[in-house]
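Each remark here refers to the structure printed beneath this line.
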Amino acid sequence: AVLALDNGLARTPPMGWLHWERFLCGTDCAADPRRCVSEQLFVEMADRMAAEGWRDAGYEFICIDDCWMAPTRDEQGRLQADPKRFPGGIRKLADYVHSKGLKLGIYSDVGNKTCAGFPGSYNYYDLDAQTFASWGVDLLKFDGCNSDSLELLAEGYRHMSLALNNTGRSIVYSCEWPFYLRPVQQPNYTEIKQYCNHWRNFYDVYDSWSSIKSILDWTALHQDTIVKIAGPGGWNDPDMALVIGNFGLSWDQSVTQMAMWAIMAAPLFMSNDLRHISPEAKCLLQNREVIAINQDPLGKQGYQLIKDKNFQLWERPLSDRAYAVAVLNHQEIGGPQNFTFSLTFLGNGLACNPACSIRQVLPASRDWGVYSWISSLSVEVNPTGTVLLKV
């Protein structure tokens, strides 16, 4: 019998903040105290999340990624935080994060070492799960580096799932299982969903348009196998990090990432510096209409409907017979372009039958009015930008 995880968690895609991408593996706090992975960093981010509307917009997790650990386990074999960078330990940090109405995420690895070379969980799954639960951790991101075989990888992911469940604490389980399988074999998403709350499919996101574009291309290419498995309790993770508010994306590209991660029902974990973020980036990341699309209770992932020259048309079924529709302009030269399509394309012809109201959500919100089933819609989109509509 398969022991399914079903921990009742992640009924909608989880949202929060994650240190990886923006802060990488910064461990030299003496040289760069504002940019190292430390207790101080997470305390400051938790303060910002609580005080500046992030928590109220739905971003509830604050997640520690790789490089938080001491180089060795303690005498009892337990993982321990680096004592210089986390002088109070993880339990104290979790208590602080919880006092702000937020949840704490942590990182480990299925193999004998993490990707950055810190102690992994191999042979310690039960102990590590108990340790995380005793600290008050609410999410585990479980990486897949340094596993000796695909059998051990799969066994480790299954084992940790059951170990987390056995603690009795509600801990969201974020897996990288299919990403490490893919080069060798087609992942069994039905099995993966039995154990994981979300699972990584593709490479680390970088702070660049080419990275965002490659994730979208990969998702469209594989949508026939991945879209149908997503739903309440289990989500495809195109790499959760939203890099909006950093350095690499233009405004239009930031709009594209926000719109498309909402269409893909992706976990929304920002990786940026909330102490230094522009009002525009903050406004985009806290846009309630986009977040409502991402968090739609029906829990269906969107998909690409049409690819036509430089344009892509995506749709996502929403509750109450609504649809989110994204028009993405791939062109990287010239000015805004128009894309015209018939409303009969949407929702297998049902989205607008006999009529529908259309509202633009991004780049700015405005009502477009009521259209009949046989109407065509013409949408003007900036290069590398996206127009997000709700039909």
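Since residue 241 meets every condition but one in (1) open to solvent by less than 10 Å² (accessible area, probe 1.4 Å); (2) modelled with pLDDT of 95 or more; (3) not acidic (Asp, Glu), which condition does it not meet?
Unmet for residue 241, out of (1) open to solvent by less than 10 Å² (accessible area, probe 1.4 Å); (2) modelled with pLDDT of 95 or more; (3) not acidic (Asp, Glu): (2).
Can residue 10 be described as crowded, with 17+ Cβ neighbours inside 10 Å, not in a strand (DSSP E or B) and not assigned by the TED database to the domain that holds residue 269?
It is true that residue 10 is crowded, with 17+ Cβ neighbours inside 10 Å, not in a strand (DSSP E or B) and not assigned by the TED database to the domain that holds residue 269.
Do we find that residue 266 is small (Gly, Ala, Ser), buried (at least 24 other Cβ atoms within 10 Å of the Cβ) and assigned to a helix (DSSP H, G or I) in this structure?
It is false that residue 266 is small (Gly, Ala, Ser), buried (at least 24 other Cβ atoms within 10 Å of the Cβ) and assigned to a helix (DSSP H, G or I).
So, in the stretch 52-61, how many residues would count as being closer than 10 Å to residue 274 by Cβ and among the hydrophobic types (A, V, I, L, M, F, W, C)?
1
Residues in the stretch 309-333 that are closer than 21 Å to residue 217 by Cβ and at pLDDT 95 or above: how many?
Qualifying residue count, the stretch 309-333: 17.
Scan the stretch 292-318 for residues that are among the β-branched types (Val, Ile, Thr) and open to solvent by less than 10 Å² (accessible area, probe 1.4 Å) and jot them down.
293, the sole residue that qualifies.
Taking the stated definitions as given, is residue 74 assigned to a helix (DSSP H, G or I), out of contact with any Leu (no Cβ under 8 Å at 6 or more places or on another chain) and open to solvent by 10 Å² or more (accessible area, probe 1.4 Å)?
Taking the combined requirement at face value, the residue does not satisfy it.
Among the helices (runs of 4 or more DSSP H) contained in the stretch 79-194, which hold 1 or more residues that are open to solvent by 30 Å² or more (accessible area, probe 1.4 Å) and touching a residue at least 60 places away in the same chain (Cβ under 8 Å)?
Qualifying helices (runs of 4 or more DSSP H): 150-166.
Here is a yes/no grid of residues against (1) within 15 Å of residue 318 (Cα to Cα); (2) open to solvent by 10 Å² or more (accessible area, probe 1.4 Å); (3) among the charged types (D, E, K, R); (4) over 27 Å from the mean Cα position of the chain (by Cα):
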position: 338; (1), (2), (3), (4): no, yes, no, yes
position: 350; (1), (2), (3), (4): yes, yes, no, yes
position: 355; (1), (2), (3), (4): no, yes, no, yes
position: 359; (1), (2), (3), (4): yes, yes, yes, no
position: 368; (1), (2), (3), (4): no, yes, no, yes
position: 372; (1), (2), (3), (4): no, yes, no, yes
position: 376; (1), (2), (3), (4): no, yes, no, yes
position: 385; (1), (2), (3), (4): no, no, no, no
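How many residues are open to solvent by 10 Å² or more (accessible area, probe 1.4 Å) and of a type in the set (A, V, I, L, M) if we restrict to the stretch 319-333?
Summing the residues that are open to solvent by 10 Å² or more (accessible area, probe 1.4 Å) and of a type in the set (A, V, I, L, M) in the stretch 319-333 gives 2.
Restricting to the stretch 195-233, and then to whatever is among the basic types (Lys, Arg) and assigned to a helix (DSSP H, G or I), can you tell me which residue is farthest from residue 251 (Cα to Cα)?
228
Are any residues in the stretch 40-71 surrounded by 22 or more Cβ atoms within 10 Å (Cβ to Cβ) and farther than 26 Å from residue 283 by Cα, and if so, which ones?
Matches in the stretch 40-71: 67, 68, 69.
Anything in the stretch 37-96 that is among the acidic types (Asp, Glu) and touching a Ser or Thr at 6+ places or on another chain (Cβ under 7 Å)? List them, or say none.
Selection gives 66 alone.
The values are calculated or read from the model by the stated rules, or taken from the named source; none is laboratory data. Just so we're clear, the structure is a prediction, and the values are computed from it rather than from any experiment. Reconstructed Cβ throughout: ideal geometry from the backbone, glycine too, with neighbour counts over all protein chains shown. Ligands, DNA and RNA are stripped out before the accessible areas are found, and what is left, the full protein with its side chains, is counted by its heavy atoms. Shrake-Rupley method; radii C 1.70, N 1.55, O 1.52, S 1.80 Å.
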